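Q: Handing you this structure, nothing more for now.
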C-alpha cells in the first residue's frame, strides 16, 4: 500500500499502532498528502530531573510527524529514513499542558532526498517546539 494508504489505515485502527506510538501515547488526528498531525498528552512519567517533560518527547513527536509527512507522499514499496533532525525548544511541557499536536508538513520531495517541517502546539495554538528534517528516500532497486 502507498504511504498515505498506510497512514490512513493506522489512523482508522485497521492496522496496529507502532510500538513507539503505544509507548509515547500518541495517535494520528489528521492525515492528508504531505501533512499529518499526531496528538499526545504530556505526563509525569516523561519528566526529566528538572520536573518538565524530557525534550526527547518533543523530538520524537516532531520526528514522527515530519517523517510521516514524507511517508504520506511515497508510492507503495518506497521507504524513507531520517538523515537529520533539527529541533528548536521554545517552552517546556508538563502534565498540566494538556494535549499537544505535532504537525508535520512536506517541504520538498525529490528522487533521493525529502525535507519537512514540524510544529508542536497546544489546544490554544501556543507553540512549544518546531523543527525540520532531511530524509533519504529508499526507492526499490530494479
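Q: Do you know which residues across segment 99-135 are surrounded by fewer than 13 Cβ atoms within 10 Å (Cβ to Cβ) and out of contact with any strand residue (DSSP E or B) (no Cβ under 6 Å at 6 or more places or on another chain)?
A: Answer for segment 99-135, where residues must be surrounded by fewer than 13 Cβ atoms within 10 Å (Cβ to Cβ) and out of contact with any strand residue (DSSP E or B) (no Cβ under 6 Å at 6 or more places or on another chain): 110, 111, 123, 124, 125, 126.
A quick yes/no check of all residues on (1) under 18 Å from residue 136 (Cβ atoms); (2) in contact (Cβ under 8 Å) with a residue 40 or more places away in the chain; (3) touching a helix residue (DSSP H, G or I) at 6+ places or on another chain (Cβ under 8 Å):
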{"site": "20", "(1), (2), (3)": "no, yes, yes"}
{"site": "25", "(1), (2), (3)": "no, no, no"}
{"site": "37", "(1), (2), (3)": "no, yes, yes"}
{"site": "51", "(1), (2), (3)": "no, yes, no"}
{"site": "58", "(1), (2), (3)": "no, yes, no"}
{"site": "64", "(1), (2), (3)": "yes, yes, yes"}
{"site": "85", "(1), (2), (3)": "yes, yes, yes"}
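Q: Checking the condition exposed (fewer than 14 other Cβ atoms within 10 Å of the Cβ) and under 16 Å from the mean Cα position of the chain (by Cα), which residue from 90, 138, 61, 83 passes?
A: Details: 90 fails: under 16 Å from the mean Cα position of the chain (by Cα); 138 fails: under 16 Å from the mean Cα position of the chain (by Cα); 61 fails: exposed (fewer than 14 other Cβ atoms within 10 Å of the Cβ).
Only one candidate passes the filter, namely 83.
Q: Sticking with this one: For residue 132, indicate whether it is touching a residue at least 60 places away in the same chain (Cβ under 8 Å), out of contact with any helix residue (DSSP H, G or I) (no Cβ under 7 Å at 6 or more places or on another chain) and assigned to a strand (DSSP E or B).
A: Details: touching a residue at least 60 places away in the same chain (Cβ under 8 Å): yes; out of contact with any helix residue (DSSP H, G or I) (no Cβ under 7 Å at 6 or more places or on another chain): yes; assigned to a strand (DSSP E or B): yes.
For residue 132, the condition - touching a residue at least 60 places away in the same chain (Cβ under 8 Å), out of contact with any helix residue (DSSP H, G or I) (no Cβ under 7 Å at 6 or more places or on another chain) and assigned to a strand (DSSP E or B) - is met.
This table checks each residue for (1) in contact (Cβ under 8 Å) with a residue 60 or more places away in the chain; (2) closer than 21 Å to residue 34 by Cβ.
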{"residue": "79", "(1), (2)": "no, yes"}
{"residue": "90", "(1), (2)": "no, no"}
{"residue": "98", "(1), (2)": "no, no"}
{"residue": "101", "(1), (2)": "yes, yes"}
{"residue": "121", "(1), (2)": "no, yes"}
{"residue": "124", "(1), (2)": "no, no"}
{"residue": "139", "(1), (2)": "yes, yes"}
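Q: Limited to segment 38-95, what total is found for residues that are within 22 Å of residue 134 (Cβ to Cβ), touching a strand residue (DSSP E or B) at 6+ places or on another chain (Cβ under 7 Å) and in a loop (DSSP other than H, G, I, E, B)? Reasoning before the result, please.
A: Step one: list which residues in segment 38-95 are within 22 Å of residue 134 (Cβ to Cβ), which gives 38, 55-75, 77-90.
From what is left, the residues that are touching a strand residue (DSSP E or B) at 6+ places or on another chain (Cβ under 7 Å) are 38, 55, 58-59, 61-74, 78-90.
Going one step further and asking which of them are in a loop (DSSP other than H, G, I, E, B), we end up with 72-74, 78, 90.
Of the residues in segment 38-95, 5 are within 22 Å of residue 134 (Cβ to Cβ), touching a strand residue (DSSP E or B) at 6+ places or on another chain (Cβ under 7 Å) and in a loop (DSSP other than H, G, I, E, B).
Q: Can I ask one more? Quick one: would you say residue 21 is at pLDDT 95 or above, closer than 23 Å to residue 83 by Cα and touching a strand residue (DSSP E or B) at 6+ places or on another chain (Cβ under 8 Å)? Steps first, please.
A: On the way: at pLDDT 95 or above: yes; closer than 23 Å to residue 83 by Cα: yes; touching a strand residue (DSSP E or B) at 6+ places or on another chain (Cβ under 8 Å): yes.
Considered against the rule, which asks whether it is at pLDDT 95 or above, closer than 23 Å to residue 83 by Cα and touching a strand residue (DSSP E or B) at 6+ places or on another chain (Cβ under 8 Å), residue 21 comes out as yes.
The values are calculated or read from the model by the stated rules, or taken from the named source; none is laboratory data. This structure is a prediction, so every number in the text was calculated from the model and none was measured. Every residue, glycine as well, gets a Cβ built from its backbone with ideal geometry; the counts of neighbours run over all protein chains shown.
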